[in-house]
Amino acid sequence: MPLVAEPRRPNPVLRLGVALAERITGPRMLPARLLAWYPRAAIGSGVLEALVAHDEPSARLLKLVRVTASVTANCAFCVDMNSFAHDRAGLTDAELAAITGGDVGAVGSFDHRERLAIEYARLVSSTPLRFPEALQAELRAAFSERELVILATTAAQVNYWARVIQALGIPPAGFTQACRLPDASA
């Protein structure tokens with residue numbers, strides 16, 4: 001159950017934005033609905049979401065970063081949303097399982113750049129932030145400066161949403177059953 005209830009009469013412009021978001025995503029977007037309590041946050045979050053990278057350096061690489069950041073931030077809603085349509089981005093169920101608790105090194109389908117991006121997303125999404133010099137050198141050798149900025153901002157965007165969603169107690173929306181956080185009670 002969320003920490004706060006939806007506003008009864010959200011701003012009409014925000015109502016339109018939420019309707020558009022839900023038309024695009026399918027499921028009800030509770031995060032957008034709750035942000036309507038503070039329209040500046042809703043608008044800022046909407047702009048952030050509208051400007052994220054979708055296919056550069058590749059849809060597959062960005063999906064790996066988003067799912068990894070979601071899992072590392074331990075955000076069930078984010079994992080649910082960001083693992084949706086993983087197959088369209090070229091990810092397999094085995095690759096998702098490796099990211100959510102398996103051994104990424106044991107999955108032969110990840111190339112060197114993908115393994116680096118996964119490691120980088122984990123570090124961007126962990127506290128405290130630490131980026132070993134050896135990893136930085138590998139990242140510089142494997143990615144352009146533009147690609148590094150895209151990977152960093154993609155992981156950071158997921159972390160922004162993870163913090164807001166978790167702080168407001170928003171449950172998964174039911175995008176997919178393909179990927180879930182490991183059960184901590186097991």
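The values are calculated or read from the model by the stated rules, or taken from the named source; none is laboratory data. Just so you know, these numbers come straight off a predicted model, no measurement behind them. Cβ coordinates were reconstructed from backbone atoms using ideal geometry, including for glycine residues, and neighbour counts include every protein chain displayed. What goes into the accessible areas is simple: the full protein's heavy atoms, side chains included, and nothing from ligands, DNA or RNA. Shrake-Rupley method; radii C 1.70, N 1.55, O 1.52, S 1.80 Å.
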Please go through the range 1-48 and pick out each residue that is out of contact with any helix residue (DSSP H, G or I) (no Cβ under 7 Å at 6 or more places or on another chain), in contact (Cβ under 8 Å) with a residue 40 or more places away in the chain and not hydroxyl-bearing (Ser, Thr, Tyr).
Met1, Leu3, Gly26, Pro27, Leu30, Leu34
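What about Val79, is it touching a Pro at 6+ places or on another chain (Cβ under 9 Å), in a helix (DSSP H, G or I), under 30 Å from Val13 (Cα atoms) and aliphatic (A, V, I, L, M)? Spell out the reasoning first.
Numbers: touching a Pro at 6+ places or on another chain (Cβ under 9 Å): yes; in a helix (DSSP H, G or I): yes; under 30 Å from Val13 (Cα atoms): yes; aliphatic (A, V, I, L, M): yes.
So Val79 fits the description; yes.
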Check Ala134, Ala142, Ala152 and return the single one that is free of Cβ contacts under 8 Å to residues at least 24 places away in the same chain and more than 30 Å from Ala5 (Cβ to Cβ).
Ala134
What's the number of the condition Phe84 fails, among (1) open to solvent by 40 Å² or more (accessible area, probe 1.4 Å); (2) closer than 17 Å to Ala155 by Cα; (3) in contact with a Leu (Cβ under 9 Å, 6 or more places away or on another chain)?
(3)
